[in-house]
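The values are calculated or read from the model by the stated rules, or taken from the named source; none is laboratory data. Predicted model, so just to flag it, every value in this text is computed and none were measured. Cβ sites come from the backbone with ideal geometry, for glycine too, and all protein chains shown count toward neighbours.
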Amino acid sequence: MSRNTLSIALAALRHPETILEGIEKTQAAMKVAASKGARIICFPETYIPGLRSTGRSLPRPDRSEQEHVLEVVRGAARAHSIATIFGMEWSTRIGLLNVAYVISPKGRVLGYQAKNQITPGGESRNYVPDGKRRVFRLGGIKFGIVICHEGWRYPETVRWAACRGARIIFQPQVTGSDEKGKHPRSWGDSFYEKAMICRAQENAIYFASVNNAMHFQNSATSLIGPDGERIAYVPYGKEQVLVHNIDLSRATRRYAKRYDPRWYPK
């Protein structure tokens, strides 16, 4: 992986009806991404088994099942030599976490980012925070992860990683519904897509957001450049593995580097 170039993939997939279907769709997406030269792929928030609070009927959290899914994804990462950011649930002694696991191209688990700013309502009744934020490194490239609501309402989560060297932020999300609602008339109309632009431009970094493909999406799977420009996106409701090359030398982190905590006393 070059220090200044990176081919990324965003897996805009429909929610699977079963864990087995989710595994199959995950493996297929990783194969497609690798065949197109992607070095890292990111999946939506809690892609397996899905996001609790959305009205779907989901199986009870099962740590052994979670471990099995993680092992399968690790094997696929190793088989296709592709780094993977995978959204799933993780049962712990403090409760159920909404996490994005980071897996190396050799299938090694590098850690995970848990969702700490949890959406109030259904999500807060199901998930707990772990209180930690992390920056990850692959081949000399630093990146951060914010999960859905964190990136929309809490720009500090993005700034935190950018201040620590992240030149790209991945945002696994689930924003919308298959049951009811509407999607924006055109890209950029929704608050969520405007927020993507802000998160990228206010830090001078790339922002890569990946949503499920749904009938009523509130935001599109999108890649935003450091100047706030929309580089690429997946049309609402369409399943697609979006692959794009980015020039990380453009991610100067100019504004993040100028952040001065002295002016924000506790």
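With the condition kept exactly as written, say whether any residue in segment 190-202 is touching a residue at least 60 places away in the same chain (Cβ under 8 Å), closer than 16 Å to ALA220 by Cβ and β-branched (Val, Ile, Thr).
The answer is no, given that none of the residues of segment 190-202 is touching a residue at least 60 places away in the same chain (Cβ under 8 Å), closer than 16 Å to ALA220 by Cβ and β-branched (Val, Ile, Thr).
Given TRP160, TRP152, TRP187, which one is out of contact with any strand residue (DSSP E or B) (no Cβ under 8 Å at 6 or more places or on another chain) and either under 26 Å from MET214 (Cβ atoms) or crowded, with 17+ Cβ neighbours inside 10 Å (or both)?
Of the residues listed, the single one that is out of contact with any strand residue (DSSP E or B) (no Cβ under 8 Å at 6 or more places or on another chain) and either under 26 Å from MET214 (Cβ atoms) or crowded, with 17+ Cβ neighbours inside 10 Å (or both) is TRP152.
Here's a check for you: in segment 203-221, which residue that is more than 22 Å from THR54 (Cα to Cα) and without any contact (Cβ under 8 Å) to a residue 60 or more places away in the chain is surrounded by the fewest Cβ atoms within 10 Å (Cβ to Cβ)?
Here is the first cut: in segment 203-221, the residues more than 22 Å from THR54 (Cα to Cα) are 203-208.
This time we only want the ones that are without any contact (Cβ under 8 Å) to a residue 60 or more places away in the chain, so: 203-207.
Values: ASN203: 27, ALA204: 21, ILE205: 29, TYR206: 26, PHE207: 29.
Among those residues, the one meeting the criterion is ALA204.
Taking interchain pairs and intrachain pairs at least six residues apart, which have beta carbon atoms under 8 angstrom, with the first residue in segment 136-164 and under 19 Å from GLN117 (Cα atoms) and the second part of a helix (DSSP H, G or I) and aromatic (Phe, Trp, Tyr)?
Close Cβ pairs (under 8 Å, with a partner that is part of a helix (DSSP H, G or I) and aromatic (Phe, Trp, Tyr)) amount to GLY144/TRP160; TRP152/PHE191; TRP152/TYR192.
Specify the residue that is surrounded by the fewest Cβ atoms within 10 Å (Cβ to Cβ); the eligible residues are those in segment 42-71 that are assigned to a loop (DSSP other than H, G, I, E, B), within 14 Å of the chain's Cα centre (by Cα) and on the phi < 0 side of the Ramachandran plot.
Taking the candidates together, the pick is GLU45.
Condition first: of a type outside the set (A, V, I, L, M) and closer than 12 Å to LEU10 by Cβ. Can you find one or more residues in segment 182-205 that meet it?
no
Within 25 Å of VAL241 (Cβ to Cβ), at pLDDT 95 or above and under 14 Å from the mean Cα position of the chain (by Cα) - does that describe any residue in segment 90-97?
no
Do any residues in segment 70-88 that are within 18 Å of PHE136 (Cα to Cα) have Cβ atoms under 7 Å from those of residues that are at pLDDT below 95 and surrounded by fewer than 23 Cβ atoms within 10 Å (Cβ to Cβ), where the two are at least six apart or on different chains, and which pairs are they?
ALA83/LEU138
Kindly evaluate LYS142 against the criterion of being in a loop (DSSP other than H, G, I, E, B), out of contact with any His (no Cβ under 6 Å at 6 or more places or on another chain) and of a type in the set (Lys, Arg).
no
Just give me the residues in segment 205-228 being out of contact with any helix residue (DSSP H, G or I) (no Cβ under 8 Å at 6 or more places or on another chain) and within 19 Å of PHE191 (Cβ to Cβ), in sequence order.
ALA208, VAL210, ASN211, ASN212, MET214, PHE216, GLN217, THR221, LEU223
State whether one or more residues within segment 205-214 are part of a helix (DSSP H, G or I), closer than 21 Å to VAL241 by Cα and hydrophobic (A, V, I, L, M, F, W, C).
No; the residues of segment 205-214 include none that is part of a helix (DSSP H, G or I), closer than 21 Å to VAL241 by Cα and hydrophobic (A, V, I, L, M, F, W, C).
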